[in-house]
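Step one of this worksheet: look at the structure below.
The values are calculated or read from the model by the stated rules, or taken from the named source; none is laboratory data. The shown structure was predicted, so the numbers you read here are calculated from the model rather than taken from an experiment. Here the Cβ positions follow ideal geometry from the backbone for every residue, glycine too, while neighbour counts run over all protein chains shown. For accessibility, only protein heavy atoms count, side chains too; no ligands or nucleic acids. Shrake-Rupley method; radii C 1.70, N 1.55, O 1.52, S 1.80 Å.
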Amino acid sequence: METSTQTLVNKVLNAHGINSAAEFQTVKIHTQIGGAVWGMKGHENALSDVHFIGSLKEQKSIWENIFKENYTSSFEPGKVQLFDENGQLVESLENPRESFKGHTVEMPWTKAQLIYFSSYATWNYATAPFNFLVPGVEINHLGFWNENGEILDRLEVIYPDGFATHSKRQIFYFNEDGLLKRHDYWPEVLGGSSATQIIEDYKEFEGIKTGTKRNIYVLNDEDNSYNKDFVLVSIDILNVKFEK
């Protein structure tokens, strides 16, 4: 007999287009990313108009036009690199997660640290909820939440060790159609501070649905609320392409 968790997971995967997603190897996203966090970390406008190219099969990705025109970067969980317009290595960092130990929200980042954070975060946003199928993921049904009058169903997702993401435990909220509307997490590289992402303006690209307007706010753990007056990160997706 199917559990409530399995029922919701299947509904969510189908709503976002799991059958179409299985056909593709790569996602390409043209996006404009802003918000307060980049200036706080010493890199204002680093992602103001960028292209993200990510594997849909493993945690690997590339940024184009990061920091300045024609700069590119590469990411995998154990290593990030930044290259200039001539393809020359500007900065590199191995075992990037280790470099954040002891970090707080106020502490600045190197360029390589920003690449690591923005790369794993965007990879996870681009692949959720399909990354629920990563081996070792644990999923629990938490039940309903009233989000300003809209009833959302929730899943607690616990990612395995070694998986590059904000925090092992994250909470995803879905509307009655099974679409992701909110995402809570506790970024370890920001000192475990609390954040929530609100996802809006869903569009369909080659059979796959994704929210094209995303704003990330500070989460108040005491009452599960957030303040829309302060945007940590804003993500405006201009176009998405999937390739086989």
Some residue of the stretch 104-116 being in contact with a helix residue (DSSP H, G or I) (Cβ under 6 Å, 6 or more places away or on another chain) and over 18 Å from residue 165 (Cα atoms): no
Lone unmet requirement of (1) at pLDDT 95 or above; (2) open to solvent by less than 10 Å² (accessible area, probe 1.4 Å); (3) not β-branched (Val, Ile, Thr) for residue 187: (1)
Enumeration of residues in the stretch 19-35 that are aliphatic (A, V, I, L, M) and at pLDDT below 95: 21, 22
Those residues of the stretch 18-34 which are touching a residue at least 60 places away in the same chain (Cβ under 8 Å) and either open to solvent by 40 Å² or more (accessible area, probe 1.4 Å) or more than 23 Å from residue 129 (Cβ to Cβ) (or both), in sequence order: 19, 23, 25, 28, 30, 32, 34
Test result for residue 34, among the small types (Gly, Ala, Ser) and closer than 24 Å to residue 218 by Cα: yes
Test result for residue 57, over 14 Å from the mean Cα position of the chain (by Cα), more than 14 Å from residue 126 (Cα to Cα) and basic (Lys, Arg): no
Where residue 110 falls short, out of the listed (1) open to solvent by 50 Å² or more (accessible area, probe 1.4 Å); (2) in contact (Cβ under 8 Å) with a residue 40 or more places away in the chain; (3) among the hydroxyl-bearing types (Ser, Thr, Tyr): (2)
Total residues in the stretch 195-244, condition open to solvent by 20 Å² or more (accessible area, probe 1.4 Å), touching a Leu at 6+ places or on another chain (Cβ under 7 Å) and not hydrophobic (A, V, I, L, M, F, W, C): 3
Pick from the stretch 45-72, criterion at pLDDT 95 or above and among the charged types (D, E, K, R), ranking: farthest from residue 130 (Cα to Cα): 49
Filter pass, residue 170 being free of Cβ contacts under 8 Å to residues at least 24 places away in the same chain and open to solvent by less than 10 Å² (accessible area, probe 1.4 Å): yes
Close pairs (9 angstrom Cβ cut-off, 6 or more residues apart or separate chains): among the charged types (D, E, K, R) in the stretch 81-97, open to solvent by 50 Å² or more (accessible area, probe 1.4 Å) and assigned to a loop (DSSP other than H, G, I, E, B) anywhere: 84/68; 84/70; 85/68; 85/69; 85/70; 91/110
